[in-house]
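K.L.:
If you scroll down you'll find the structure; I have some questions about it.
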Amino acid sequence: MGRKPLLQKEGVLTSINRLLVKHGMPPTVEELRKELNVGSARTVLRYLQELQNDGTIKRWKGARSIQLLKVPHVGQETVAVPVVGEAPAGPLMMAEQNIEGWVRLPKESLRPTSTRFFMLRVRGDSMNKAEVAGVRIESGDLVLIRQQTTAQPRDIVVALIDGEVTIKRFIPGPGYFILMPESANPKHHPIVLHDEFSIQGVIVRVLKDGAALLNLEEPQAEDY
């Protein structure tokens, strides 16, 4: 007869999700051990194996090799935010049928509550020297965007130019605007525009290792 687990699997799953949204990346086994307050990494690995066997998580080799396949039920403390595509890419597709997945974030972090938020996956290196709240924007990350049509000088914005979205630093000038890259790659250059673009939103947070945060299950209507 197998050893009885000390914790419920739902509690372990909730702890993984809590660390994901807190740090923007999957936890290590040691970080999860401390969060669960258990004595050994072997115990954590046993929990992870049970969740993997259930199809609740996916694991592979690596220190942060955990991807949530199902989001734990955490009541009204979190909100499911839609992931609607990637940048740079084509136009934003905000319709429900075009949503690629959801990421649960603490409800208190989505302010003001009357504003809509969405997420994009970052592709490319045009902003890999830029930071939001001390976190760099790198290819593969998810960025949280507060949807709005205006921005303050030097905000990092999602802009629509010639039918494609891009992420750049917004710098207004006298009679013109600059969308400025911040990249270690010298191939990226400032874009000088007059009114040939529109702002789709302002980036307020970067979540590292976006693939591990993404959940493909549709949230309940009251969470969306």
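K.L.:
Between a residue in the range 24-47 that is more than 20 Å from Arg104 (Cα to Cα) and touching a residue at least 40 places away in the same chain (Cβ under 8 Å) and any residue that is buried (at least 17 other Cβ atoms within 10 Å of the Cβ) and of a type outside the set (Gly, Ala, Ser), which pairs come within a Cβ distance under 6 Å, given they are 6 or more apart or on different chains?
P.N.:
If the second residue must be buried (at least 17 other Cβ atoms within 10 Å of the Cβ) and of a type outside the set (Gly, Ala, Ser), the pairs left are Tyr47/Val12.
K.L.:
Identify, please: which residue in the range 10-34 is surrounded by fewer than 17 Cβ atoms within 10 Å (Cβ to Cβ) and among the charged types (D, E, K, R) and is, among those, farthest from Lys208 (Cα to Cα)?
P.N.:
By that ranking, first place goes to Glu10.
K.L.:
Out of everything in the range 49-70 that is without any contact (Cβ under 8 Å) to a residue 24 or more places away in the chain and outside any loop (DSSP other than H, G, I, E, B), what residue ends up being surrounded by the fewest Cβ atoms within 10 Å (Cβ to Cβ)? Break it down into steps so the answer makes sense when it comes.
P.N.:
Within the range 49-70, the subset without any contact (Cβ under 8 Å) to a residue 24 or more places away in the chain is 49, 52-53, 55, 58-62.
From what's left, outside any loop (DSSP other than H, G, I, E, B): 49, 52-53, 58-59.
Values: Gln49: 12, Gln52: 14, Asn53: 9, Lys58: 14, Arg59: 14.
Only one residue tops the list, namely Asn53.
K.L.:
For the range 140-162, give me each residue that is among the charged types (D, E, K, R) and either under 15 Å from Leu207 (Cα atoms) or touching a Pro at 6+ places or on another chain (Cβ under 9 Å) (or both). Full working, then the answer.
P.N.:
Step one: list which residues in the range 140-162 are among the charged types (D, E, K, R), which gives 141, 146, 154-155, 162.
Within the range 140-162, Asp141, Arg146 qualify.
K.L.:
Limited to the range 165-204, what total is found for residues that are in a loop (DSSP other than H, G, I, E, B) and of a type in the set (A, V, I, L, M, F, W, C)? Working first, answer last.
P.N.:
The initial filter retains those residues of the range 165-204 that are in a loop (DSSP other than H, G, I, E, B), namely 174-175, 181-190, 194-196.
Among the residues that remain, those that are also of a type in the set (A, V, I, L, M, F, W, C) are: 184.
Number of matching residues: 1.
K.L.:
Among what's in the range 105-139 and is in contact with a Pro (Cβ under 7 Å, 6 or more places away or on another chain) and within 13 Å of Ile156 (Cα to Cα), pick the residue that is surrounded by the fewest Cβ atoms within 10 Å (Cβ to Cβ).
P.N.:
So the residue we want is Ser126.
K.L.:
Taking the range 140-188 as the region of interest, how many residues are in contact (Cβ under 8 Å) with a residue 60 or more places away in the chain and surrounded by 15 or more Cβ atoms within 10 Å (Cβ to Cβ)? If you could, list the steps in order and put the result at the bottom.
P.N.:
Within the range 140-188, the first condition is being in contact (Cβ under 8 Å) with a residue 60 or more places away in the chain, and the residues that meet it are 140-144, 158, 160, 163-167, 185, 188.
When the remaining residues are screened for being surrounded by 15 or more Cβ atoms within 10 Å (Cβ to Cβ), the result is 141-144, 158, 160, 165-167, 188.
So the answer is 10.
Only the coordinates and a few stated rules stand behind these numbers; no lab work does. This structure is a prediction, so every number in the text was calculated from the model and none was measured. Cβ atoms come from the backbone with ideal geometry, glycine included; neighbour counts cover every protein chain shown.
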